[in-house]
Amino acid sequence: SYLFQVVENELDSGKLCAPLCGSSLDGKVIGLPAPFKTDDESPLKDTCGICEKAASKVHDFLSQPGEIDKIINFVEEVCDLVPSDDHDKCVSTITGFGPMVLNYIVGLTANPQQACQEISLC
């Protein structure tokens, strides 16, 4: 969709990512070290345990009252990057689909072991 193209272009140019990612994306995932790899590209010893702990934390965080709304409001700021003609469509897309996606993540992470098995980390 158009929104994803804008975000992708902004990430490619570093405009959106620069405050969080630093100046270089070389060898990193969105400017941050890849979480489950070491220098020799072998997986960390306990990727399953790490995944399960992370999934549990994500579930706990997103399950707190008001957190999904805070995230949606924050993500709506991406709409400031799109041309003004598409701003309202951008906001309605995020407010329409954002809660659905985040609630899906809450449901998925309710069982951290199953969630991590589904993404092949356990």
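Overview of results
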item: Failed condition for LEU20, given (1) open to solvent by 50 Å² or more (accessible area, probe 1.4 Å); (2) outside any loop (DSSP other than H, G, I, E, B); (3) modelled with pLDDT of 90 or more; result: (3)
item: Of all residues making up segment 95-119, the number that are in a helix (DSSP H, G or I) and touching a residue at least 60 places away in the same chain (Cβ under 8 Å); result: 4
item: Enumeration of residues in segment 50-64 that are more than 14 Å from GLN117 (Cα to Cα), part of a helix (DSSP H, G or I) and either touching a residue at least 12 places away in the same chain (Cβ under 8 Å) or among the hydroxyl-bearing types (Ser, Thr, Tyr) (or both); result: VAL58, HIS59, LEU62
item: Test set (1) of a type outside the set (D, E, K, R); (2) open to solvent by 40 Å² or more (accessible area, probe 1.4 Å); (3) in contact with a helix residue (DSSP H, G or I) (Cβ under 9 Å, 6 or more places away or on another chain); (4) not in a loop (DSSP other than H, G, I, E, B) - VAL78 fails condition number; result: (2)
item: Number of positions in segment 45-60 that are over 16 Å from the mean Cα position of the chain (by Cα) and open to solvent by less than 60 Å² (accessible area, probe 1.4 Å); result: 4
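Residue-wise test of (1) modelled with pLDDT under 90; (2) touching a Phe, Trp or Tyr at 6+ places or on another chain (Cβ under 9 Å); (3) surrounded by 12 or more Cβ atoms within 10 Å (Cβ to Cβ).
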residue	(1), (2), (3)
LEU62	no, no, yes
PRO65	no, no, no
ILE72	no, no, yes
LYS89	no, yes, yes
THR95	yes, no, yes
LEU102	no, no, yes
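The values are calculated or read from the model by the stated rules, or taken from the named source; none is laboratory data. As the structure is a prediction and not an experimental result, all values here were calculated from the model. Note that each Cβ is placed from the backbone with ideal geometry, even for glycine, and that neighbours are counted across all protein chains shown. Accessible surface areas use protein heavy atoms only, side chains included; no ligands, DNA or RNA. Shrake-Rupley method; radii C 1.70, N 1.55, O 1.52, S 1.80 Å.
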